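Every number here is computed from the coordinates shown, using simple stated rules; none is lab data. Owing to the predicted nature of the structure, the values given are computational and were not obtained by experimental measurement. Cβ sites come from the backbone with ideal geometry, for glycine too, and all protein chains shown count toward neighbours.
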Amino acid sequence: MSNDLPPLHHHVQRPWRRFLEEYEPLRGDLFRYCRFLTKSAWDAEDLVQDVLARAFVSLGGATETPANPRAWLFRVASNHWLNHVKRARFAAELAPEPSHEPDPRGPREAAGSLVARLAPQERAALVLKEAFDFSLEEISAMLSTSVGGVKSALHRGRGKLEALESEQVGSAPPPVLDAFCAAFNARDIDGLTALLLDDVTLDFPGLHTDYGAAAARRALGTTMAHASYFTAPEWRAGMLEASARFEARSHRGEALVLAWWQHESGEAVRGFSRVELDGDRIASIRTYYHAPEAIAELCRELGLPCRTSGHRFW
């Protein structure tokens, strides 16, 4: 391979960023659709990222531009989610018989989606029709079925739909997360790094991934001092540098780290992270900072103020 050529990722970044900018106006509707299909705001954001990646690859191999980008993107989402459900069912059939003890997270997580108890195709059909007002013909194309099949799914779904009561179930975050937040808030970068595995992963869904404790140390140190480094200029208004604060919370059965920043108008959450542990150390941090819909929903459920930073850092 010639050394005269720029690195491959330089060639890929430009069309990928242009794609994200082109489809950014559709992100809100796509998130809403994915949120109806999934159990939490972060599951919905992960599904959005998967759909965008698949749509980008599909578009690269297409012979013509989609006539209706919104409907096309929803079709990519529907196909990906239905295939995911099928794979999950197959895996469940191979798994050992589960315990019959009730899971206290179940009712509350199900309540996170208004149609969470419906079969996958019923759920998708009902959301596409009732929430987004697609025609029967458009829905049949998105779900790869007939108009009659869509009508049947809508009839069954409407018959099954029932209100779910939300149940507040909580558990304390793991002690390592409290230690992680305390070290960050004390600006103890050495203590912070000591809580990470040497091969820790820092993932910013759809935008960037870093590997290793040294990279994590740089990213967390930058967050301590220069929050605007990760924020496009149009979203920085009133944001005070060196004011970041972390807080450990449990929500929807999962331990989270909330990232607060001071603004001229007061303190607000601007992002959150899901953390995977390996014993008493942190193996991965998945940060939702450029995920305004997920941040807004999480803060709405927790009753917290929030400010968002758009979908991208450039």
Among the residues of the stretch 187-204, are any without any contact (Cβ under 8 Å) to a residue 12 or more places away in the chain and among the charged types (D, E, K, R)?
yes
Those residues of the stretch 222-241 which are over 24 Å from the mean Cα position of the chain (by Cα) and either loosely packed, with under 12 Cβ neighbours inside 10 Å or among the small types (Gly, Ala, Ser) (or both) amount to ALA225, ALA237, GLY238
Yes or no: LEU256 surrounded by 13 or more Cβ atoms within 10 Å (Cβ to Cβ), within 29 Å of LEU20 (Cα to Cα) and touching an Asp or Glu at 6+ places or on another chain (Cβ under 8 Å)?
no
Within the stretch 223-237, is even one residue in contact with an Asp or Glu (Cβ under 8 Å, 6 or more places away or on another chain) and of a type in the set (Lys, Arg)?
no
Yes or no: GLY271 surrounded by fewer than 14 Cβ atoms within 10 Å (Cβ to Cβ) and in contact (Cβ under 8 Å) with a residue 12 or more places away in the chain?
no
Among what's in the stretch 13-59 and is over 12 Å from the mean Cα position of the chain (by Cα) and of a type in the set (Ser, Thr, Tyr), pick the residue that is surrounded by the most Cβ atoms within 10 Å (Cβ to Cβ).
TYR33
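For the stretch 275-293, what are the residues that are in contact (Cβ under 8 Å) with a residue 24 or more places away in the chain, buried (at least 18 other Cβ atoms within 10 Å of the Cβ) and not aliphatic (A, V, I, L, M)? Spell out how you get there, then give the answer.
So the first thing to find is which residues in the stretch 275-293 are in contact (Cβ under 8 Å) with a residue 24 or more places away in the chain, and the list is 275, 277-278, 280-291, 293.
Subsequent filtering for residues that are buried (at least 18 other Cβ atoms within 10 Å of the Cβ) retains 275, 282, 284-291, 293.
SER284, ARG286, THR287, TYR288, TYR289, HIS290, GLU293 - these are the residues of the stretch 275-293 that are in contact (Cβ under 8 Å) with a residue 24 or more places away in the chain, buried (at least 18 other Cβ atoms within 10 Å of the Cβ) and not aliphatic (A, V, I, L, M).
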